[in-house]
Every structure is written in C-alpha cells, then in structure tokens.
Amino acid sequence: MNAKIRKLIVQVEETRLEAGRPVEPPTRKALAMAVIENPYAGRYSENLDELITIGEELGGLLGEKCVKALGIVPGQAHSYGKAAIVGEGGELEHAAAILHPKLGAPLRQAVEKGAALVPSSKKRGGLGTAVDVPLGHKDAAFVRSHFDAMEARVNDAPRPQEIVVAVVVTDSGRPLARVGGLQVSEIQGKDGLR
C-alpha cells in the first residue's frame, strides 16, 4: 500500500427514534476514516499521481470497512459519499487528487454497482476539524429519501502534514423520509440518475 496510514477509525450510527416515532428498521450509516501522510505537504507539485494512487487504495479499503461494519453484503448498501480534510501544509487540490480521479471505482466495487456519482466535499483545517460527508443513493441520484450527510472528525487530525479521508456507506435512507421523489423500488440504475 502506498498510503502511509497513521490511524483508521470506523463507526456506525444507528437511528431508532425520530420525532418521537420508532424507525423500523433502524437507519444505519457507517463511517470509515484514514489519517494519512500527505506526500506533497509543504511543497507545490504539478504532478499529484501519488495521491491519485492513494485514493484508489483507500476507496476499496474504506468502502469495505463500512460494508463490514454495517454487517451487510455489498448489494445491500444504499448510499455513499466521500470527503477529505487537508492539514495546513497541504492544498485543497491534494484532497481533489485523492477523491476524484480513482477513489470511486473501488468504492463502487465495495458496495456493488454504484451507477450514480459519489457525492463529495473537501476542506482544509487543523486538529479536530469536522467535515460533512454528503450522501446520495449509489444507483440513482433522484432518490430524495437518500439525500443526507454524516459528520466526520478525528480529534487529533489532520496534523499539518496529513489528510483525513472519509467514506460513508448506508443501508437505508433518512429516517421517516417523506418528501417524495423517485422511490427505491423504482430505481432502474442505468444512467446514475433514475
């Protein structure tokens, strides 16, 4: 593995009650984060290939950790999202190099299919900086019940020379979703939209 990982964090959030009503079955989101060394921290480089390769490695690793934490098979995953927080010694473009060129393909493999774009966010910050990982249905962007987010934060990261990379996978949409739109049962999953 090219990524120099200082720490891996995996957590599951399960919602059982919403607005005083039971959520049956409970909605669950799994977050997997890697705190990695930024090989380009403190210097400008035209070529960011090392981070692109790291993104590809982390897409599969973090996606698989989420699926395992949820205790589901890949095809049971509903939503996904990705985000990164770059330490002060890096650039936002470093997060883009991890998240965009190659992270998506192995993440899609980890959740089976994934016809829709993987929602993403990125920011720069210091220790304990939080980022909201945006979520959307993995196979159809128009499924409003799955528009959501999960906060990602590591208390001792990112250090100036680090990047926190986060992936979230869910086994459902929002609890008690009721704003219409394309229903999960109506997904065709061909174009990533419907």
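Coordinate-derived values only; no laboratory data. Owing to the predicted nature of the structure, the values given are computational and were not obtained by experimental measurement. Cβ atoms come from the backbone with ideal geometry, glycine included; neighbour counts cover every protein chain shown.
Summing Cβ point charges (Lys, Arg +1; Asp, Glu -1) relative to the Cα centre of the stretch 125-193 gives a dipole of roughly 140 debye. Computed from the Cβ-Cβ distance with R0 of 41 Å, the FRET efficiency linking residue 130 to residue 190 stands at 0.70.
By the beta-carbon count within 10 Å of each Cβ, the least crowded to most crowded order of 24, 64, fewest first, is 24, 64.
Estimated at 0.36 nm per residue, the fully extended path between residue 179 and residue 49 surpasses their Cα-Cα distance by 42.6 nm. With 0.36 nm allotted per residue and the present C-alpha distance subtracted, the residue 112-residue 73 stretch has 13.2 nm of extension available. Each Lys or Arg adds one and each Asp or Glu takes one away; over the other residues whose Cβ falls under 9 Å from the Cβ of residue 15, this sums to +1.
Estimated from helical segments only, the mean residue ellipticity of the chain at 222 nm is -6000 deg cm²/dmol, where each DSSP H run of four or more residues counts as -39500 (n - 2.57).
For the stretch 58-75, 3J(HN,Hα) computed residue by residue from phi via the Karplus equation (6.51, -1.76, 1.60; θ = phi - 60°) reads 6, x, x, 4, 6, x, 5, 5, 5, 4, 5, 4, 6, x, 10, 8, x, x Hz, glycine and proline entered as x.
Relative to the Cα centre, the charge distribution of the stretch 5-186, modelled as +1 at Lys and Arg Cβ and -1 at Asp and Glu Cβ, gives a dipole magnitude of about 420 debye. Here's the picture: charge each Lys and Arg Cβ at +1 and each Asp and Glu Cβ at -1 in the chain, and of 96, 136, 177 the one pushed furthest to the positive end of that dipole is 177. Subtracting the Cα-Cα distance of residue 6 and residue 21 from 0.36 nm times their residue separation leaves 1.3 nm of extension gain. With Cα atoms defining each centre, the stretch 35-103 and the stretch 152-177 are spaced 11 Å apart in the structure.
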